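One structure is given here, and the rest of the page talks about it.
The values are calculated or read from the model by the stated rules, or taken from the named source; none is laboratory data. Just so we're clear, the structure is a prediction, and the values are computed from it rather than from any experiment. Here Cβ is always computed from backbone atoms with ideal geometry, including for glycine, and neighbour counts include all displayed protein chains. The protein model used for the area step is the full one, side chains on, heavy atoms only, and it has no ligands, DNA or RNA in it. Shrake-Rupley method; radii C 1.70, N 1.55, O 1.52, S 1.80 Å.
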Amino acid sequence: MKISRSVLLLLLSGTCLAQSPKTADMPLGFEEYDPVSTLKVPEHKLTRAKFPFIDVHNHQFQMDKADLRPLVAQMDSLNMQVMINLSGRGWGNVDESTRFFKAAADNIQKTDPKRLILFSNINFEGIGEPGWTDRAVKLLAEDVKNGAKGLKIYKSLGFSVKDNTGKRVQVDDSRLDPIWAKCGELGIPVLIHTADPKSFWDPMDRYNERWLELKLHAGRKRDANNPVPWADLLKEQHNVFRKHPKTTFINAHMGWYPNDLNKLDSLMQVFPNTLVEIGAVIAELGRQPRASRKFFEKYQDRILFGKDSWVPSEYSTYFRVLETEDEYFPYHKKYHAFWRMYGIGLPDDILKKVYYKNALRIIPGIDKSQFPN
């Protein structure tokens, strides 16, 4: 096929234009705009926590076979005394996840059992089949006997878990009641993640402050009823809290109400058997420092430190928000928070509770001698 000289010149000129750098006076896209603040204020860029802490929300998917000594060394650099791997059963079917749990537990015993802890998980494959609930409860009890200190429920429950008939399994499905009750009987907490930020369900338009995140991670966007409205998922979760007052629940990501602390306050009052952890929501707390500090003061006995994704360099943001009174500093991921943050400057007695005392109280079997009074 022949291309005319005029078309070829046009194509070449377009290529050159595409490769030409933008000049200073050309319009910027939202993703490109990243101004350097000219504000001159005290800065305390912390890389190590003031007190040894327990991270109640971590995921390590190679704990069955990895050399864990480098991991412990990274923990030391942060002053993380105890890491809880919520993915204690890894992935796969029941047999595969059982092999993972046993290998991970053995690896921990060989490396440092005081520093590394496993939570168990539920494999929902086959739910609805005769005997499924009894088997799940029995397996949970065996895991606790073999070292598990709690149960982690992923957000797939309520989202994508389906029973043997293909029907969505609600978070408050009655077939799960014996599992929650067993956790109360065994004295272990349930760390439960339900739903995601509400903005993921909202229209992706110029009013959505998660627009950039949704553009960069298209799979996080949900239609208003996918799989059900956001509020319905949380109602299902709250029904579980209500039905099982003798079981301790850790509501992951502050129950997705870190941006509405008045609502979270009301839920904490209604459900005294719940605590919250701050994983992946520190940017919400850092943009409302006065309200956050009041919330931490009121619920200082029911807030836990958690981070979620294992990126050691990102812990400094958490330390800075919790420990300092710094002003107008950036979050470590622009797409999560294009706004600036402020430190809430917690006093030592509250910091100690958030960093380790509250976790020591509700998670069995952690060696308390590793921590100051």
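Below is a table of values for the structure above.
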| item | result |
| --- | --- |
| Scope the range 183-196; condition in contact with a His (Cβ under 8 Å, 6 or more places away or on another chain) and open to solvent by 10 Å² or more (accessible area, probe 1.4 Å); matching residues | Gly184, His193 |
| Count of the range 237-264 residues which are outside any loop (DSSP other than H, G, I, E, B), free of Cβ contacts under 8 Å to residues at least 40 places away in the same chain, under 24 Å from Lys182 (Cβ atoms) and open to solvent by 10 Å² or more (accessible area, probe 1.4 Å) | 2 |
| Criterion violated by Pro330 - all others in (1) buried (at least 22 other Cβ atoms within 10 Å of the Cβ); (2) within 17 Å of Val41 (Cα to Cα) satisfied | (1) |
| Pairs where the first residue, in the range 189-215, is β-branched (Val, Ile, Thr) and the second is assigned to a helix (DSSP H, G or I), C-beta under 7 Å, 6+ apart | Val190/Trp180; Val190/Cys183; Ile192/Gln237; Ile192/Ala252; Thr194/Gly158; Thr194/Leu233; Thr194/Leu234; Thr194/Gln237 |
| Given (1) part of a loop (DSSP other than H, G, I, E, B); (2) within 30 Å of Leu46 (Cα to Cα), number of the condition Met83 does not satisfy | (1) |
| Candidate set: the range 90-123, residues that are under 18 Å from Ala73 (Cβ atoms) and in a helix (DSSP H, G or I); chosen: the one most open to solvent (accessible area, probe 1.4 Å) | Lys110 |
| Number of the exception - Glu213 against (1) more than 27 Å from Phe305 (Cβ to Cβ); (2) at pLDDT below 95 | (1) |
| Candidates Val137, Val144, Val72 - the one that is under 30 Å from Asn164 (Cα atoms), touching a strand residue (DSSP E or B) at 6+ places or on another chain (Cβ under 9 Å), part of a helix (DSSP H, G or I) and modelled with pLDDT of 95 or more | Val144 |
| Filter result for Leu234 (within 19 Å of the chain's Cα centre (by Cα), farther than 29 Å from Tyr328 by Cα and in a helix (DSSP H, G or I)) | yes |
| Within the range 155-179, considering residues that are outside any loop (DSSP other than H, G, I, E, B) and either among the hydroxyl-bearing types (Ser, Thr, Tyr) or out of contact with any Leu (no Cβ under 9 Å at 6 or more places or on another chain) (or both), the one surrounded by the fewest Cβ atoms within 10 Å (Cβ to Cβ) | Ser174 |
| Pairs with Cβ under 6 Å, 6+ apart, first in the range 307-336 and in contact (Cβ under 8 Å) with a residue 24 or more places away in the chain, second polar (S, T, N, Q) and part of a helix (DSSP H, G or I) | Pro312/Gln74 |
| Subset of the range 286-303 (residues that are part of a loop (DSSP other than H, G, I, E, B) and touching a Phe, Trp or Tyr at 6+ places or on another chain (Cβ under 9 Å)) | Arg287, Gln288 |
| Exclusive hit being assigned to a strand (DSSP E or B), under 29 Å from Cys183 (Cα atoms) and either touching a Leu at 6+ places or on another chain (Cβ under 8 Å) or of a type in the set (A, V, I, L, M) (or both), set Leu267, Leu275 | Leu275 |
| Counted residues, the range 1-56 - those being open to solvent by 100 Å² or more (accessible area, probe 1.4 Å), out of contact with any Lys or Arg (no Cβ under 9 Å at 6 or more places or on another chain), of a type in the set (A, V, I, L, M) and modelled with pLDDT of 70 or more | 1 |
| Single residue of the range 197-233 satisfying the filter (of a type in the set (Asp, Glu) and under 19 Å from Gln170 (Cα atoms)) that is surrounded by the fewest Cβ atoms within 10 Å (Cβ to Cβ) | Asp223 |
